[in-house]
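Colleague: Provided herewith is a single structure, encoded as structure tokens, for subsequent inquiry.
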Amino acid sequence: MDNPLKGIFSNIKLFQSSGGEFALGVDVGSSSIKVVEVKKKSGKVALETYGVISLGPYAQEDMGKVTNLSIEQTAEALREVMKQAETSTYSCGISIPVQSSLIFSISLPPQVADSQIRAVVPIEARKYIPVPITEVSLDYFVLPAREPTFEEENNPEAAAVPPANKEVLVVAIQNDAIAKYRSLSSQCGLDASFFELEIFSSMRANLEHELSLVLLIDFGASRTRLSLIEFGMLKAYHTVNRGGADITDAIARSLSIPFSKAEEMKKEYGLFENPAEKNLSGIIKTHLDYIFSETNTMLFNYEKKYGKSPAKIIFSGGGSMLKGLTEAAAANFRANIEIGRPFEKVGAPAFLEKVLSATGPEFAVAIGLALRKLQ
């Protein structure tokens, strides 16, 4: 009997090695699962292996389709990708999709001492969370205070200005989601020491030591995640409920072709002209314009509140490999545009540089998880 999953997996085993500390990052997305295994030895991190498997066929759908698999089906796919990638460690971190969480900021009076914040956050968080507080797990980060301007530092009257409120970023994750991924790790025999929201893993993989405000656009299959980061801290977050799979669906419907053919055309031409289908770039551009419009609204609101706009925009995720994306973004935003290169965070053979550069954005979350595991 033919293997129905044949051809949906891509992986590479870089080299066999011994010794050192190993870590595995597992990114369970809406259309695929990505794994990255790294090794730390003598203070250096090296890439051991990586792999990706499409989830569509597990739901009797095309590759690239957004799925909603059961835990058993997801575990089957994860075991397969680990087998094909020949991962050698069970020590891992697993991503949790952002739709299983709520991210918001609360403002606390300056009189609240740092030692009191842990007790105050759950009380204030109740105002923002639409479910009982017992159904979520909370984490928080106290955002750095705004630095005074040169004029304020040299203005004697500034001393009379009362201290600003403390801004706290709060993350609430559904307990059911955590239980789901604990079950997944158990069924696959993994030792998952932590679960992390995908946006924080992506930040770790894509950012260096940027001090100025940066916008990270994580272009996924079912949604696009917008993160404004400054001094390594998430300052604002927004989700656009549109992604790469939506673009492919629109192409398939507009041109009356199968999803698989639409996906193929999207990858081959992107925003560049297709001699056979003149409307292709226009269909894609319609969806990009929507994403860019949502992004500009977020940037406008942030600039209005804080007086800052990003000098750099980094694209990540599988959708960032769309041909012509950087040119379209450069025409829409007043910032330098970059495509993330997360594989540069780990050592790998030089002959793989071109391959890893092209596929890197898709593996950002898995790389970020593996890097945290080694910390």
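Colleague: Of these, 194, 200, which one is assigned to a helix (DSSP H, G or I), closer than 24 Å to residue 25 by Cα and among the aromatic types (Phe, Trp, Tyr)?
Modeller: Selected residue: 200, the only one of 194, 200 that is assigned to a helix (DSSP H, G or I), closer than 24 Å to residue 25 by Cα and among the aromatic types (Phe, Trp, Tyr).
Colleague: Here's something else I'd like to know. Taking into account only those residues within segment 226-279 that are in a helix (DSSP H, G or I) and among the small types (Gly, Ala, Ser), which is farthest from the chain's Cα centre (by Cα)?
Modeller: Out of the qualifying residues, it is 254.
Colleague: Out of all the residues in segment 226-284, which are of a type in the set (A, V, I, L, M, F, W, C), in contact (Cβ under 8 Å) with a residue 24 or more places away in the chain and either farther than 18 Å from residue 361 by Cβ or not assigned by TED's automatic domain parsing to the domain that holds residue 294 (or both)?
Modeller: 228, 231, 233, 234, 236, 250, 251, 255, 259, 272, 280, 283
To keep it simple, each residue is scored yes or no on (1) of a type outside the set (Val, Ile, Thr); (2) without any contact (Cβ under 8 Å) to a residue 40 or more places away in the chain; (3) assigned by TED's automatic domain parsing to the domain that holds residue 349.
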site	(1), (2), (3)
49	no, yes, yes
52	no, no, yes
59	yes, yes, yes
78	yes, no, yes
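Colleague: Taking residue 213, is it in the same structural domain as residue 310 (by TED's automatic domain parsing), under 24 Å from residue 28 (Cα atoms) and not β-branched (Val, Ile, Thr)?
Modeller: no
Colleague: Go through (1) under 29 Å from residue 241 (Cα atoms); (2) among the small types (Gly, Ala, Ser); (3) in a loop (DSSP other than H, G, I, E, B) and name the single condition residue 75 misses.
Modeller: (3)
Colleague: Farther than 30 Å from residue 21 by Cβ, touching a His at 6+ places or on another chain (Cβ under 6 Å) and assigned by TED's automatic domain parsing to the domain that holds residue 243, is that true of residue 298?
Modeller: yes
Colleague: So which residues in segment 188-244 are surrounded by fewer than 24 Cβ atoms within 10 Å (Cβ to Cβ) and among the acidic types (Asp, Glu), if there are any at all?
Modeller: 191, 196, 208, 210, 230, listed by residue number.
Colleague: Has segment 315-329 got any residue that is closer than 28 Å to residue 264 by Cβ, among the acidic types (Asp, Glu) and assigned by TED's automatic domain parsing to the domain that holds residue 272?
Modeller: Checked segment 315-329: at least one residue is closer than 28 Å to residue 264 by Cβ, among the acidic types (Asp, Glu) and assigned by TED's automatic domain parsing to the domain that holds residue 272.
Colleague: Just one of 96, 103 is more than 16 Å from residue 31 (Cα to Cα), touching a residue at least 12 places away in the same chain (Cβ under 8 Å) and crowded, with 17+ Cβ neighbours inside 10 Å; which is it?
Modeller: 103
The values are calculated or read from the model by the stated rules, or taken from the named source; none is laboratory data. Predicted model, so just to flag it, every value in this text is computed and none were measured. Methodologically, a virtual Cβ is constructed for each residue, glycine included, from the backbone with ideal geometry; neighbour enumeration extends over all protein chains shown.
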